[in-house]
Every structure is written in structure tokens, then in C-alpha cells.
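Below you'll find the structure, written out as C-alpha cells, and then a few comments.
Since every read-out is calculated from the coordinates, none of them should be taken as a lab result. Predicted model only: the values in this text are computed from it and were never measured. Methodologically, a virtual Cβ is constructed for each residue, glycine included, from the backbone with ideal geometry; neighbour enumeration extends over all protein chains shown.
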Amino acid sequence: MIELLYPRIYVASLADIPLEALRRERIRAYILDLDNTLTMWNSNELAPGAREWLEDLRAMGGKACLLSNNHQRRVAAVAEALDIPYVHKAGKPRRRAFERALEQLSTPHQETAVVGDQVFTDILGGNRMGMLTILVKPIHPREYFGTRLVRKVERLVVKRLPQGPTAASR
Ligand SMILES: [Mg+2]
């Protein structure tokens with residue numbers, strides 16, 4: 001059970017995800033969490049380098065889909081600005097959330113990675129689907145109280161992780 005909480009790769013931010021290396025592992029689509037992964041918490045401001053990373057992904061023929069538990073107006077605004085599909089009020093870590101994102105992408109789970117900043121929603125959900133999971137550091141500390149409690153547990157998990165994309169060959 002505990003291994004379902006461990007990401008395959010741990011990076012500082014979205015822009016640090018090694019697209020080329022993962023393409024060699026046949027990863028060509030990314031399911032992206034929104035708050036604190038792609039944008040600041042509850043803001044439309046993108047993480048540093050996020051737009052460029054998406055352009056690089058597109059340039060190599062890859063694609064992305066937003067998968068967020070947040071409400072439609074919030075998720076749609078960012079998705080439309082980036083011209084990518086989205087799933088809102090997703091209910092991560094439930095399987096159905098990830099299945100809906102895979103439907104949007106039309107890629108098999110073996111060729112799709114899940115990216116997010118939360119172990120108990122993004123990583124747990126992606127691992128249960130058998131997808132490659134990538135944990136990023138949350139980009140803004142302001143969050144719901146409940147999330148802050150979960151973070152304390154996440155820090156215990158993260159402390160035991162090797163840093164950087166080298167973990168890809170675990
Ligand atoms: Mg998040």
C-alpha cells in the first residue's frame with residue numbers, strides 16, 4: 001500500500017520534467033494537476049517555465065490534459081488560455097478521474113504520465129492506474145487547512161525520495 005504513495009520521479013517544478021528522457025520510455029501525454037503544479041494556488045498565474053515546457057511538449061508531438069478537483073470556471077480559464085483539454089471536479093484519486101483524462105487524450109495509460117504536487121490525490125491516483133507518476137514541489141504555500149495537514153505526511157514520504165530525474169530508472 002505505502003508504495004502507491006511514491007512517485008516514480010520527483011522534480012522541483014513542471015519545467016524540470018525531462019521530456020526527452022520520458023519520450024524514450026514512450027511517454028507522449030501528460031495529465032497535469034492545476035493548483036500548485038501548473039499555476040499558483042487558485043490563481044491563473046503560470047508556474048515559471050510552464051508555458052515553455054508545454055510548447056516543447058507540443059513540438060515533440062506530445063499532448064497534455066488538465067485534471068483538477070477544482071470547479072469548472074477556474075479550470076476552464078487556464079485550459080483555454082493554454083489550448084488544452086480539461087477535466088474539472090475530477091474527484092482524484094478516484095480511478096474515474098484518470099479514465100476521463102485518458103479519454104480526452106486518447107492515449108493508453110502506459111504512454112501517459114501523471115504530474116502533480118499532492119501525494120494523496122495525484123500520485124496515489126496515477127499509481128493505482130499503473131501510470132508513470134511525477135511529483136513536483138508545490139509552487140505556492142497558501143492552501144486549505146486540510147491540505148496543510150496532508151502536507152505534513154507528504155513531507156515524511158518526500159524525505160525518503162531521491163532528488164531529481166535520475167529516479168526515473170528506479
Ligand atoms: Mg495541486
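If only the Cβ of Lys and Arg carry +1 and only the Cβ of Asp and Glu carry -1, the dipole of the stretch 2-169 around its Cα centre is close to 600 debye. Computed from the C-beta positions of Asp16 and His71 and an R0 of 25 Å, the FRET efficiency is 0.30 to the nearest 0.05.
The alpha carbons of the chain occupy a box of 36, 36, 30 Å along the principal axes, longest dimension given first. With kT/(6 pi eta Rh) evaluated at 25 °C and eta = 0.890 mPa s, and Rh the Kirkwood radius from Cα pairs, the stretch 1-42 diffuses with a coefficient of 202 µm²/s according to Stokes-Einstein.
Modelled label-to-label distance, Arg95 and Asp83, 7 Å Cα→beta-carbon offset: nm? Between Arg95 and Asp83, the label points sit 3.6 nm apart.
Sequence-ordered 3J(HN,Hα) estimates for the stretch 44-60 from the Karplus curve with 6.51, -1.76 and 1.60 and θ = phi - 60° stand at 8, 6, 6, 4, x, x, 5, 5, 5, 4, 5, 5, 4, 4, 5, 4, 9 Hz, glycine and proline given as x. Using amide H atoms built 1.01 Å from N in the peptide plane, name the residues 5+ places from Asn42, or on other chains, whose amide H lies under 5 Å from its own. Amide H neighbours of Asn42, under 5 Å, 5+ apart: Asn36. A straight Cα-to-Cα reach below 23 Å connects Lys92 with the lysines Lys63, Lys137, Lys152, residues fewer than 8 places away in its own chain not being considered.
With the charge dipole of the stretch 2-169 set up from +1 on Lys and Arg Cβ and -1 on Asp and Glu Cβ about the Cα centre, the Cα lying farthest toward the positive end among the listed residues Thr121, Val87, Leu34 is that of Thr121. Take the Cβ atoms of Ser106 and Asn44, set R0 to 35 Å, and the FRET efficiency comes out at 0.85.
Counting neighbouring Cβ atoms within 10 Å and putting the fewest first, the residues Ser13, Ser106, Ser43 line up as Ser106, Ser43, Ser13.
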